[in-house]
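K.L.:
Starting off with a structure, shown below.
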Amino acid sequence: MDSQKKQDLITYLREFSTESRWERIQEIVHKRTRHLTVVVEDIYQPHNASAVLRSCDGFGIQDVHIIENKNEFEASSQVTIGADQWLTIHRYNQPNVDNTELCFNRLKDQGYKIIATTPHKNDTSLNDLDISGKTALVFGSEIDGISDRAMELADGFMKIPMYGFSESFNISVSAAVCLYNLTRRLRSSEIPWTLNNEEMQDLKLKWLRQSIRAGEELEKAFLET
């Protein structure tokens, strides 16, 4: 579908959306970013999985990449409160495939630097992490953390400064802390972090579809005219 056809469809679907919903879509789409993205590897607790998704939505991260080599990623609707429907979720769960490598290679092809969130001899503090380029933050499983394969393929390592006896935070807390820090820095910088016009148009259309009862049927009828 070309850009003009998408715009015509957006204009048509707006007729079936409330004004408040459309205004909210217009507001949020300008706050979304793909400059930062989140990767989660083999998370298995629904509560943690859901909390990460909710944090991504809350801090304006549009894309979440889910690696499922060992554990299937399950979200709890009671925790996400619908946040996941506003995200673009990419799942890597092909059988007999190194899904970590598959995910990382795709992100690197898109210009991302892969940063594993784990203490490492060559790590960088969260406060000092360079985010001038596109950055993908990788969070590992609850017990084992980042896999050896992810460590091997990562471009860099980052840790959250800790001042207590605990050596680490829960994964959902870690994600929230990192995203708060990095998105705050990103939005106050001169880095071009917003989506381009085509990306905004695609999200407006996607979100309108999800906001309207029988949205798919209405779209089908429009396209057939």
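The values are calculated or read from the model by the stated rules, or taken from the named source; none is laboratory data. Because the structure is predicted, anything quoted here is derived from the model rather than measured. Heads up, the Cβs are rebuilt from the backbone with ideal geometry, glycines too, and the neighbour counts pull from every protein chain shown. To get the accessible areas, we keep the full protein, side chains included, count just its heavy atoms, and leave off ligands, DNA and RNA. Shrake-Rupley method; radii C 1.70, N 1.55, O 1.52, S 1.80 Å.
K.L.:
Can you give me the number of residues within the stretch 97-124 that are modelled with pLDDT of 95 or more, open to solvent by 30 Å² or more (accessible area, probe 1.4 Å) and within 23 Å of Ala51 (Cα to Cα)?
P.N.:
0
K.L.:
Still on this model: Applying the selection to the stretch 212-225, what residues are within 16 Å of Ser3 (Cβ to Cβ) and outside any helix (DSSP H, G or I)?
P.N.:
none
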